[in-house]
Structure formats: C-alpha cells, structure tokens
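For reference, the structure discussed in these notes is given below.
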Amino acid sequence: MAKLLSPIRNFFARSNDDLVKIIGMAVLVALVSSAAVSVAAVMLRPYQEANRAAERQARIDQMLDTLPGMRDLMMESGVDTLETRLVNLDDGSFASGEDPAGFDLEAALQDPNASIALDPDADIAGIKRRANQSPVYLLQKDGDLKLIVLPVYGAGYQSTIRAALAIEADLTTIAALAIVEQGDTPGFGARIEEPEWLALWPGKKIADETGTVRIELVRGGASTPYEVDGISGATRTSTGLTNILRFWLGDKGFGPFLARLRQEGL
Amino acid sequence: MSLKHHLISPLLGNNPITLQILGICSALAVTTTLSTAITMSVALTVVLCLSGGVISLMRHHIPPSIRLIIQITIVASIVIVIDQFMQAFMFEMSKRLSIFVGLIVTNCLVLGRAEAFAMRNPVLPSVVDGLGNGLGYSLILLIVGALREFLGTGGLMGVPLVTTVAEGGWFEPLGLMQLAPSAFFILGLLVWLVRVLRPEQVEQPEFRLKAAEDRRP
C-alpha cells in the first residue's frame, strides 16, 4: 500500500514550480471537475426531462387558449384535449394499430429502420435524421377536421427550436404558432417566445394556390400573407425558424400528409 | 482576524458591492423582483462558500503559474452543477434567471475572494469569508430587489401590497424601476448612504486639478 501511495506522495511533494507538477495539477483538476459535472448532468437528466416535457405540454395548452373559440369547440365535441395520431411521413397515411402515446422520437432517431438519414441539401432544418413517423394533434367534430397541430423542430442559432404549428381546416391558414422549447440568445433570438411576436402568425398562409410552401420570416415589414416580420438582431434564429417550417411543411416533412388531407380528408 | 470578523465585516464595513464595487453586473440584472434576487443570492453564496473551501483545501498544491486557470475551472464546475440542480428541482426559477446562474462564473466577486483570501487562508476561515461576502452581496441584492419590485409593481414576492392606479387604487407603479438603469440609481444611492455613515470608506481623489487649486483665494 505504501509503495502504491509513494508516487502520489512524491507528486504532491514536488515544488509548485516544477513542470510535472504544473501539468499534473492541471490534468487532475480537469479530470475531477469534468467527472463532477458529468455525474451531475447524467443523474439529474431524468428530472430535467420531466420538467421539459411538462413545459412542452403546457405551451401547447397555452396556444390552444389563445385560439378564439377553440375551447368552446372542444367543449362541444366533448374532448378536453386534442386527439393524437401517428402519421407515416413518407406517404402521409395514418399509422394504424400503434399507440401514439408510446412514440419515442429519440428512440426512432437512433433506429435505422424507424428513421432516415437526410441528404445535406434536403436537410435545411439541420436535424440530420428524420423519423419515419411523427405524431400530429387534431381536433375534429363529426368527422370534419377543425384544427391540426404539427410538431416541428430544427436548428435555431445556438439551440434546437421546437415549435407547434396549428393550421386551420383549410390546411393553408395558420391558426397559431407556439414555441415549445428553445435556448437562443435571451433578448434576441429568445424573443420568438414573446406573445406579441407570436400574435403576428395567425392568419398567415403557409402555401400559395399551387401548393408551393412560401411561408417566410422577412426583414423589414411583412407585405404578403406568406411573410412574417423577422426579429431584428436575430437573423440566424429567424432564418432557422423559416427553414424549420419550410422543411416540415415540405416533401420530407408533413407535405405528403397535408396533400393527402386536402384530397381525401381525414 | 477572528472568524466573526470574516463573517461580519463584509456586511457593511467591507461590503463587496458598495465598497469593492464587485459583482454588480448580476446585481443589475436579477433584481427586478425580490424572488429572483433571493435565488441569485443563495446560489452565489453557496458558490462562494464551496469554491472558497475547495480552493483553500488545495492551496498548497496550486502552481502559481496556472492558479487563475485552476480557480476558474473549479468555480465553473461548481456553478454548472448548481445550474443543473436548479434545472432539475427549481425549473421555473432557473428559467427566470436564464443565463445569470451560468454567469456566476464570471462574477468578479467569486474569483476575487478565491484569489485574495482562499489562496492564503485555511479552509474554515475561507468558507466563513465566502459566507460573509455572500451575505454582504445578498444584503445589497435584497435591498435593491425589494425596492425595485415594490416601486415598480406595487407588490413584493409577486403579492400585491398596495392597489395600483390600473386597479382603481392610488399607487402609480414606476416603470423605470423595472429597467436596468434604476438598479444603478439605487446602487449609487446605497453607496452614498454607506459612505455618509462610514466616512472612512470615502476614497481620496487620485489627483487634484492644479488649475483649480491655483484659482482658489
């Protein structure tokens, strides 16, 4: 034991100006510090995840509250929350026989059979892999679609932005946008969470008559129904959000699903 | 230099904010309400005590040539762990403090105490010194936070104390108090007040204008 300890004792007995001691102390402090940080991060992750999941749900509920008449419609339909369905993104059909609540995005992204790698050119949202299925939330009354909420996510400036886009029954008019989770710069990019800015979204159109997705955040004033004022000082966040919406409304995202809904309905 | 001295002197006589003018960045940013000021005070006090203790414990083995790097690494690790704890168990509060918990790392007060005190003193006095400075910082933060929240919103801890004009009462909330400059004003007034009470804290001017001296009769 004493033999084992003696190199350690020798190390600490060295002068503080000794090169070995300097490098050794630097490595030692770095190792101990990173171990402490890693242990804390890993052990606390389940609690943090639970907090974030609750926050995401709360934001979607909050968005529903901002939609005029939506709560009344839900009361009439006798539901207290939106119906969750799983969509096969490739052909836009509903996945039958699977429990939407059991869908785990992280697990699907790890599984080569449940997700696809995106070509860098097609990956404008910066997500690298896309799951083959995605949940959507919808509200229907007597078989008529009233509202559909699409979960979208992708790269903002320095964080992943997760948002929920609520679309009206015509499948082109935006009913509301909710930012579910983001970590961009406070005071700049993080302003996409502000209610005043989110209030710019209702009534905008995601696509023109030909079905081309045109929704976009612009500098200066928005002049067409497809444009929303971007946030000054947060160009990267604004373009990030544009690309996220364009990706998820496009062919690799919910495009086929929306096209099918337009033709066949639910 | 007793333990009691280390604990008491930073409260008024050697207050880190009003005398040393350290750590005022966060004092401006998180004092819009009393509850954020309290949380920030607790977080900073814990960081000060822990970093003081750890750095003092290993002070004989910190090579002088890399001492600042080692100190800041230790402080940063402690801050990250505390930030993680807050995200796990105080989620709402950590969202409101956003980046300011992480910015404790760059709070001059923490590195200042580590470098000036913990590097040369045993563990117990270092922890007590951290506690004392943390409390001194907290005292100012709480005063500023309480004043700003009360004058700015008419309540404390989110509980309305007086009815505002908007709700039919007589109290007109002072919107300026919720903006950063008001923290400077309050801080300046506090420094003034402390120096009136303790004239020995007034600094001598570093130089005098010669022309002005000559003109005097």
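Since every read-out is calculated from the coordinates, none of them should be taken as a lab result. If you're wondering where the values come from, they're calculated on a predicted model, not measured in any experiment. Note that each Cβ is placed from the backbone with ideal geometry, even for glycine, and that neighbours are counted across all protein chains shown.
Kirkwood analysis of the Cα pair distances in chain B returns a hydrodynamic radius of 18.9 Å.
Residues A:Ser232, B:Ser94 in ascending order of nearby Cβ atoms (within 10 Å, fewest first): A:Ser232, B:Ser94.
Counting neighbouring Cβ atoms within 10 Å and putting the fewest first, the residues B:Ser56, B:Ser35 line up as B:Ser35, B:Ser56.
About the centre of its Cα atoms, chain B shows a dipole size close to 520 debye [charges on the beta carbon of Lys, Arg (+1) and Asp, Glu (-1) only; nearest 20 debye]. Dimensions of the protein assembly as shown along the principal axes, based on C-alpha atoms and rounded to the nearest Å, stand at 88, 76, 47, largest first. With coordinates expressed along the principal axes, the C-alpha atoms belonging to segment A:140-266 extend over 44, 28, 26 Å, beginning with the largest. Roughly speaking, what % of Cα-Cα pairs in segment B:101-167 are separated by over 18 Å, rounded to a whole number? For segment B:101-167, the share of Cα pairs beyond 18 Å comes to 55 percent. With loop defined by DSSP as not H, G, I, E or B, and exposure as at most 11 other Cβ atoms within 10 Å, which is the longest segment of chain B clear of exposed trypsin sites (Lys or Arg not before Pro)? The segment B:1-119 is the longest one with no such site. Counted without the sites themselves, the longest stretch of chain A free of GluC sites (Glu not before Pro) in a DSSP loop having at most 13 other beta carbon atoms within 10 Å is A:99-208.
Rg ratio for chain A: its Cα radius of gyration over 2.2 N^0.38 Å, N being its residue count, equals 1.32.
Equivalent ellipsoid of segment B:33-74: semi-axes from √(5λ) of the C-alpha gyration tensor, largest first, are 28, 10, 5 Å. Averaging 1/r over each pair of different alpha-carbon atoms in segment A:1-115 and inverting the result gives 20.6 Å, the Kirkwood hydrodynamic radius.
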